[in-house]
1. Return the residues of segment 297-321 that are polar (S, T, N, Q) and without any contact (Cβ under 8 Å) to a residue 40 or more places away in the chain; say none if nothing qualifies.
2. For segment 235-252, how many residues meet the condition of being buried (at least 18 other Cβ atoms within 10 Å of the Cβ) and within 17 Å of Ala338 (Cβ to Cβ)?
3. Scan segment 234-254 residue by residue and report those that are more than 11 Å from the chain's Cα centre (by Cα) and in contact (Cβ under 8 Å) with a residue 24 or more places away in the chain.
4. Give the residue that is nearest to Gln296 (Cα to Cα), with candidates limited to residues of segment 194-212 that are open to solvent by 30 Å² or more (accessible area, probe 1.4 Å) and not basic (Lys, Arg).
5. Is it fair to say Gly260 is touching a residue at least 12 places away in the same chain (Cβ under 8 Å), of a type in the set (Gly, Ala, Ser) and surrounded by fewer than 18 Cβ atoms within 10 Å (Cβ to Cβ)?
6. Within segment 337-358, can you find the residues that are small (Gly, Ala, Ser) and under 17 Å from the mean Cα position of the chain (by Cα)?
Amino acid sequence: MNSNIISKGILRAIGILAGIALLLYFLYQIRSVLAYLSMAAVVALIGRPVVLFLRKRLKFPNTLAVITTMVLMVAVLAGIIALFFPLVAEQAANLSLLNIEDLRMKFSSLYQEIILYFGASADQVNDLIKGTELEKNVINGLDIGFIPNILNSFINTLSAASIGLFSVLFISFFFLKDSSLFQRGLLTFVPNNQESGMANSINKINGLLSRYFVGLLFQIMILFIIYTIVLLIVGIPNAIVIAFLCALFNIIPYVGPIIGMVLMIFLSMTSNLGADFTQVILPKTGYVLIGFAIGQLIDNFFSQPFIFSNSVKSHPLEIFLVIIIAGLLFGVLGMIVAVPGYTAIKVILKEFLADNKIVKKLTQDL
């Protein structure tokens, strides 16, 4: 091997690395577009069963079926937004009249009642949280002066989200109208001799993920109904909004329910600020916690096993390990996309490496 061949090899390697770096930089710059495409693909997968039902059962033309499905999905989204609008409008009116000092005193009073109820002293709690972020709030007084700024942040977020929402709906319409559009785009990057196998994989992935996302919607709906009933029975204000938020957090595996529980308990306790702690706040919070536990038991022993066994065809332990690994590597976003991503990888591996012993074991239920 002479120096000319070595130098060409080095230059080729440098060129490949430079090309990869440029590609990654380009993808980073258009990350918003990639996010819109990903969300549109999810929306299309959720709407796919509705479109098929309208086309096959009700004999709708394809375009009319897609338009009807999009209208239904937009109507559901509008209903959810309408659910929050009165609460946001009410808080917008209250924020300008908010007495920050009075609210701080109520929070401080609630804090004192909690530690006294559990037989602790303020000094013990202060020693426990010393050196943490909570120290400045608890010892020096709860800093809640940020509350009047929440509305402005919400409006800015809403403006950016409205652009993204329009983009996602626009792309989703064409994904639903031409179901092979996304497939043809992917096949552009696949060698000709592998197009058939990749097309089969994409069709199978579409079917599995469509059932998965629809099942996920039913999972959220079941939790939403349970939480709403519990909060209404207990008498918590804005029960429907709180229930929806806590159910929505369940999308994040394992971590989401914990966040939902903390949020539900916090909102339940603060909705009765100024009331007697032992006679009102604590009993209501206890009932809410019991209702939350019932919802999680139903979710863990009924909803989740049904979704995993009938959609992604994976063992719960297998899913658990995949989610944990994805969470360690990519954080919360990795945990959310772990299951659909792992399902897609399994389908592709089965199509192209069906004779491999490990692949055969992992994909035996697909």
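1. Asn300, Ser309
2. Total meeting the criteria: 3.
3. Result: Val234, Gly235, Ile236, Pro237, Asn238, Ile240, Val241, Ile242, Phe244, Cys246, Tyr254.
4. Asn206
5. Spelling it out, it is not the case that Gly260 is touching a residue at least 12 places away in the same chain (Cβ under 8 Å), of a type in the set (Gly, Ala, Ser) and surrounded by fewer than 18 Cβ atoms within 10 Å (Cβ to Cβ).
6. Ala338, Gly341
For (1) modelled with pLDDT of 85 or more; (2) assigned to a loop (DSSP other than H, G, I, E, B); (3) at positive phi, each residue gets a yes or a no:
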| residue | (1), (2), (3) |
| --- | --- |
| Pro237 | no, yes, no |
| Phe249 | yes, no, no |
| Pro253 | no, yes, no |
| Ile259 | yes, no, no |
| Leu263 | no, no, no |
| Ala293 | yes, no, no |
| Phe320 | no, no, no |
| Met335 | no, no, no |
| Pro340 | no, no, no |
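For every residue, the table says whether it meets (1) surrounded by fewer than 18 Cβ atoms within 10 Å (Cβ to Cβ); (2) out of contact with any helix residue (DSSP H, G or I) (no Cβ under 8 Å at 6 or more places or on another chain); (3) basic (Lys, Arg).
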| site | (1), (2), (3) |
| --- | --- |
| Tyr254 | yes, no, no |
| Thr278 | yes, no, no |
| Pro283 | yes, yes, no |
| Gly286 | yes, yes, no |
| Ile294 | yes, no, no |
| Phe308 | no, no, no |
| Ser314 | no, no, no |
| Gly341 | yes, no, no |
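The values are calculated or read from the model by the stated rules, or taken from the named source; none is laboratory data. Here the structure is a predicted model, which is why all the values come from computation and not from measurement. Positions of Cβ are generated from backbone atoms using ideal geometry, with glycine treated the same way; all protein chains shown enter the neighbour counts. Ligands, DNA and RNA are stripped out before the accessible areas are found, and what is left, the full protein with its side chains, is counted by its heavy atoms. Shrake-Rupley method; radii C 1.70, N 1.55, O 1.52, S 1.80 Å.
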